[in-house]
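This report refers to the structure that appears directly beneath it.
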Amino acid sequence: MTTPVELYACLYAKEFPCQAMLRLRPDVRSEPCVVMAGEPPFEYACSFNAKARVLGITRGMTRVEIDTFSSVTVVFRSQIEEEAAKAAILECAGAFSPRVENACNDNSFCCVIDIAGTEKLFGPPAALAKSLLERVRDLGIAASIAVSSNFQTAICLVRGLSSRPGVTIIALGEERAALTSLSLTVLDLSEEHAETFSLWGIHTLGMLAELPEKALIARMGQEGKRLLQLARGEMRHLFQPVEPSFALEERMELDTPVELLDSLLFVIGVMLDQLIVRATVRILALASVSVSLFLEGGESHTRTVRPALPTNDRQLWIKLIHLDLEAHPPQAPILSLALTAEPGAISKVQLGLFSPQLPEPMRLDVTLARIRAIVGEDCVGRAVLNDTHKPDEFRMEAFSVATGSISELARRPHCAAMRALRPAERITVKLRQKRPDALFFREKLYTVQQAYGPWVMSGDWWNQTLWSLHQWDLVAHSQDGSSLCCCLTYQTASDCWQIVALYD
Amino acid sequence: MPTGILLVDEILEGGLPVGAITEMVGAECSGRTALALSFLAQITQASRVCAWVDVSNCLHPESAAATGVDLCRLLWVRCGAAAATKAPQFSTNGFALQEKYFVPRPVTKGLHGGGFGPHPRSEVKGLSEAVSSFLRPQVTAPRCSEPQRSVINESVVVTRNPTQQSTDKTTSIFSAKPWSRLDQALRVTDLLLQAGGFSAIVLDMGSIAPEYTSRVPLATWFRYRAAAERSQTSLVLLTQHACAKSSAELALRFEPGKAFGEEKSVFTGVEYCVDVMRERSRPAFTNVIPLRKPPQRASDATWHSRTSWAGRR
């Protein structure tokens, strides 16, 4: 029985706290930036970008030391944003193989992907690594990749060669040679072992690999054996895969509380970019986006925007979120925010030469949102008649362009139409033999010519919303010759006469 | 585009114009809504989409459905409805401060928030008040349908409940003013015309008094005309008084309807009469007098609008 061929790709992003913070702050990327950790006043620099390193900033510098450098942007470490960035990269790696192991440490991101058997799907390892690197770069993270048939060798190699971004591929059997020149720091040695090796004059993995095994175990125990196997590229590893879940979620903590909607939209725009990139690589679109704003005082404010069709159009999303937040503004300054999106299938529209002219769904969404901002939330849409005999009973539903077949309706083009009066106008009525004889409506006295009725209607008697009315159809004339055809009701519960509609 | 009423289509030589403004002018109870709904029914049956911008929240969905309008394809924008629905919440408390105790709201005059024209030259102080006061006392025949303060006549039997009368007053404080509703409707129509894709847009100002509609700047109608032409939308205006002037491709005048008296117990319908007031597409009048009198076209039509419960005759 032959052992299956193993092949691992190790993805490594150094200075991860800084990279995670700069991912959602593209405007700071071109400047020296330092991420501080720790409780004030004992903050220290835990991570920084290349420009800051050129200035001379080192890890562990205090706030006072950092302040001596001019033009350095200081941000505070955010575990939430790091977790969001890690989840995004793991989910990106999960697109290439279902077996991904997380090997992160405090200051860097590292994950190993089992890519054995993916040649037919993604091509040779070099092509896969290049493609993975491009996707990670789209997320705003600079990383490097090492491919090896040994798990630990891939990790050591990518840590040792992290200063040289790109892809390093080690052929089967050449692990030991590839590791020879690497420093011992890639092994995460304890202080005691590091001092011992330093005293022995061992500085590279090549030197360590040359040591006799039995003599080393006699002096350092089983740990010595482990280090020797690592240095020789022979260490076996039991793969412990994690299951990266596909959740389109981005979180960000703001440096200062934000009150203005416009400045918030800049941040939302960057987060939307990330969500759209992540959805696009899976050939999906964003179906709905929920914006959760965490406010001063511990409250939160959540709004969900759902256009008619899933889309990846950034401008459209920004406009819809803008209009929605403008209509429902948060009541306090915003401390942090989270964007959660639901993925949906990319919409396909089949256009036809003879199909009727219809509103473009995306543009219609923005138009409807604008109209809602003008007239109110529940005043735009399509009317749906309720299944009741109660007059003027309907509900409003969201309008969308109906694409199905036309519902078969009884077409009566010569049907009399009514204009409803909302609210119904109360009037004074003069009765003769219990029938309306004259009515006073809008400062005019009308004499009733014909009164048809009463049609007695009632309903909901089993409920508290019971209603009961007498309906009349009136034809009336005033003294100045104007005529009135109206629908009059007498509410038995409240004992009042109302004109509910005019025939027009 | 046919209206669905044969006699009207005949005098219009096919129907209402596409990509232009049609104005339907008439008093309430004159058949404007019936014709507009019949027109929309034709459009929705052709799988097209249309919109009803309702300045007074007057559309009766049951009538629309009975006429044949597919409500799924009709976008209904109800201006001022949000203010009307909020009003009862205040009245249920049983106590409401009078408006004079509140901080007075900033007065916005005209559509532009000050002045009555797009140019400072056309801003004439006090002119609008003068025009309003001139038009107010029953000068124009069609009356305003806005809720107005009713003067109780002592000679008729008053059946109004006094407690309900007091709530009536509180609701009137919070009801939207005609100007704000008209302003909303004009902005919404602008957006819909810009969005495109709607085969017909009905701007229903049929219950707004002429003193309000006539104050809409003519530039607005001119802009609508250009936008309608660009998006190939039929814009239908329902008004009591002609306001679009030369921007309207077609203007129809509706006479007050006459109710049928054929049934003693059931209201069966109304007879409406429509007259073509102006039509731009007709050949212009020339000074050349032909020897023979040319054939004259009928410019008015009468049709019967029957209620949905009346049987066929």
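The values are calculated or read from the model by the stated rules, or taken from the named source; none is laboratory data. This one's a predicted model, so the numbers in the text were calculated from it and none came from an experiment. Here the Cβ positions follow ideal geometry from the backbone for every residue, glycine too, while neighbour counts run over all protein chains shown.
Does B:L40 meet the test of being at pLDDT 90 or above and more than 10 Å from chain A (Cβ to nearest Cβ)?
The answer is yes for B:L40.
Since A:P359 meets every condition but one in (1) modelled with pLDDT under 90; (2) more than 14 Å from chain B (Cβ to nearest Cβ), which condition does it not meet?
(2)
Filter region A:173-187 down to residues that are assigned to a loop (DSSP other than H, G, I, E, B) and touching a residue at least 24 places away in the same chain (Cβ under 8 Å) and give me whichever is surrounded by the fewest Cβ atoms within 10 Å (Cβ to Cβ).
Once the filter is applied, the top-ranked residue is A:S181.
Given the residues A:A398, A:A383, A:A327, which is the only one that is under 21 Å from B:R78 (Cα atoms), more than 10 Å from chain B (Cβ to nearest Cβ), without any contact (Cβ under 8 Å) to a residue 60 or more places away in the chain and in contact with a strand residue (DSSP E or B) (Cβ under 7 Å, 6 or more places away or on another chain)? I'd like the intermediate steps shown before the answer.
Working: A:A383 fails: more than 10 Å from chain B (Cβ to nearest Cβ); A:A327 fails: in contact with a strand residue (DSSP E or B) (Cβ under 7 Å, 6 or more places away or on another chain).
After applying the criteria, what remains is A:A398.
Here are some residues: A:V100, A:V112, A:V72. Which one is in contact with a Gly (Cβ under 6 Å, 6 or more places away or on another chain), more than 19 Å from A:M252 (Cβ to Cβ), among the aliphatic types (A, V, I, L, M) and in contact (Cβ under 8 Å) with a residue 24 or more places away in the chain? First the steps, then the outcome.
On the way: A:V112 fails: in contact with a Gly (Cβ under 6 Å, 6 or more places away or on another chain); A:V72 fails: in contact with a Gly (Cβ under 6 Å, 6 or more places away or on another chain).
Criteria check complete, one pass: A:V100.
Going by the structure shown, is B:S299 farther than 14 Å from B:A34 by Cβ, more than 14 Å from chain A (Cβ to nearest Cβ) and among the small types (G, A, S)?
yes
Would a scan of region A:478-496 turn up a residue that is out of contact with any Leu (no Cβ under 9 Å at 6 or more places or on another chain), more than 30 Å from A:S355 (Cα to Cα) and in contact (Cβ under 8 Å) with a residue 40 or more places away in the chain?
yes
Tally the residues that are surrounded by fewer than 14 Cβ atoms within 10 Å (Cβ to Cβ) and in a strand (DSSP E or B), restricting the search to region A:327-383.
Qualifying residue count, region A:327-383: 1.
For region A:255-264, indicate whether the set of residues that are over 23 Å from A:P329 (Cα atoms), outside the structural domain of A:F96 (by TED's automatic domain parsing) and loosely packed, with under 13 Cβ neighbours inside 10 Å is non-empty.
No, region A:255-264 contains no residue that is over 23 Å from A:P329 (Cα atoms), outside the structural domain of A:F96 (by TED's automatic domain parsing) and loosely packed, with under 13 Cβ neighbours inside 10 Å.
What residue, among those in region B:25-36 that are under 23 Å from B:D70 (Cα atoms) and in contact with a Gly (Cβ under 8 Å, 6 or more places away or on another chain), is nearest to the other protein chains (Cβ to nearest Cβ)?
Here the residue is B:T33.
Please identify the pairs in which a residue from region A:16-37 that is crowded, with 21+ Cβ neighbours inside 10 Å has its Cβ atom under 7 Å from the Cβ atom of a residue that is among the aromatic types (F, W, Y), counting only partners at least 6 apart or on another chain.
Filtered contacts from region A:16-37: A:F16/A:F109; A:C18/A:F48; A:C33/A:F48; A:V34/A:F48; A:V35/A:F48.
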